[in-house]
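Asker: There's a structure below that I have some questions on.
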Amino acid sequence: MNTRSMSRFTALGLLLGLGVTACIKVPVTGRRQFNLIPDGIMRSLGESTYTSMLADEDIAKGSENSSVIKRVGQRIADSANQKDYDWEFKLIQDSDTINAWCLPGGKIAVYTGLLPVVQNEAGLAFVTGHEVGHATAHHGAERLSQQLAVLGGMAGLYVYLDKKSDMTDKQVATVVAAVGVGAQGAVILPFSRAHEKEADVIGMMYMAKAGYPPEEAPKVWDRMEEATGGGMPAILSTHPSNEQRKANLREWMPKAKKRYKRSSARSGTQQTLWTDSDFSGGGSSGSGGGGKKTTGGGGKKTN
């Protein structure tokens, strides 16, 4: 056996050995998940994919709205307490897209089309918490682990990481989709329904810990349904129904309220209020999505 074959054999042995201790706990929910992929590998995949996906997007820089995205995102990230993650929160200037997505390692993007739906910082905190929850719960790695079982175990991962050219297009697409990225009109492929409901719960707990009222979480799904007129935006594609999500959130709401009451950072958590008019007439260009209206924290608009 030559040196290259030996290194492959060793790598495969190490990766397969991870399966012995592949069951880990998800934060907040405590669910045990099957996860074969080291977090360092997923973070690397997330970072490289994030760069390539944003390359052709119109990213808001230096605007008020982009600053809000980063500020709220960082508060949620602090609640998640994942010190190994290099968190990034980008605002994509696209007022027609109601969506947000997350890649492994804490690489998150929000579209300006989502802002009138979340309306305020508390709503944004829930959506951001949901995306952060995907990252901290390692949903991408779990999905990839499941797909690799179909591809033939960890050998599929090794072939991918070794950048060999003998993977079929279908195999490559499966691996990429498992990381959380797909080519449906440049929109992130959805996680499973179970992952979405779990990310909702984790996100609500993170927002409560960060000082945002958790009661805003189910209201976001009410507004999502109203904004789409009963249609199915990208963020809800193949996801649980709004009613299922709200029922799931109501079940966890008592715990979230307790966590919110214990939070010492509850001031100024509903300051920003977006409306559809903020993004009409070309408001999604240059400034990062038009103007914003501020409140004193009680949720009422001031003129």
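Coordinate-derived values only; no laboratory data. The structure displayed is predicted, hence computed values, not measured ones. As a convention, Cβ positions derive from the backbone with ideal geometry for all residues, glycine included, and neighbour counts pool all protein chains shown.
Asker: Can you list residues from other chains, or at least 5 along the same chain, whose modelled amide H is less than 5 Å from the amide H of Asp58?
Answerer: Residues meeting the criterion, in which the H sits 1.01 Å from N, are Gln93.
Asker: Can you tell me the order of 25-38, 123-136, 63-76 when each peptide is scored by its average per-residue count of other Cβ atoms within 10 angstrom, highest first?
Answerer: Per-residue Cβ counts within 10 Å, averaged per peptide and sorted highest first, yield 123-136, 63-76, 25-38.
Asker: Going by average Cβ density within 10 Å per residue, which order do the peptides 257-263, 247-253, 198-204 take, highest to lowest?
Answerer: 198-204, 247-253, 257-263
Asker: I would also like to ask the following. So if each residue of separation counts as 0.36 nm, and I subtract the Cα-Cα distance between Asp276 and Glu226, what length gain in nm does that give?
Answerer: This chain segment gains 16.7 nm when fully extended.
Asker: Grab the beta carbon distance between Ala55 and Lys258, set R0 = 41 Å, and tell me the FRET efficiency rounded to 0.05.
Answerer: Result of the calculation: an efficiency of 0.40.
Asker: Testing the spin-label approximation: label points 7 Å from Cα along Cα→Cβ at Gln74 and Ser192. State their distance in nm.
Answerer: The modelled label-to-label distance comes out at 3.6 nm.
Asker: Residues with amide H under 5 Å of Ile98's amide H, sequence separation 5 or more or different chain, H placed in the peptide plane at 1.01 Å from N; which?
Answerer: Placed amide hydrogens put Ala234 under 5 Å from Ile98.
Asker: Sticking with this structure for a sec: Please tell me which of these pairs span more than 19 angstrom C-alpha to C-alpha: Lys197/Lys219; Lys197/Lys246; Lys70/Lys209; Lys197/Lys255; Lys61/Lys83; Lys209/Lys257?
Answerer: Result: Lys61/Lys83 exceed 19 Å.
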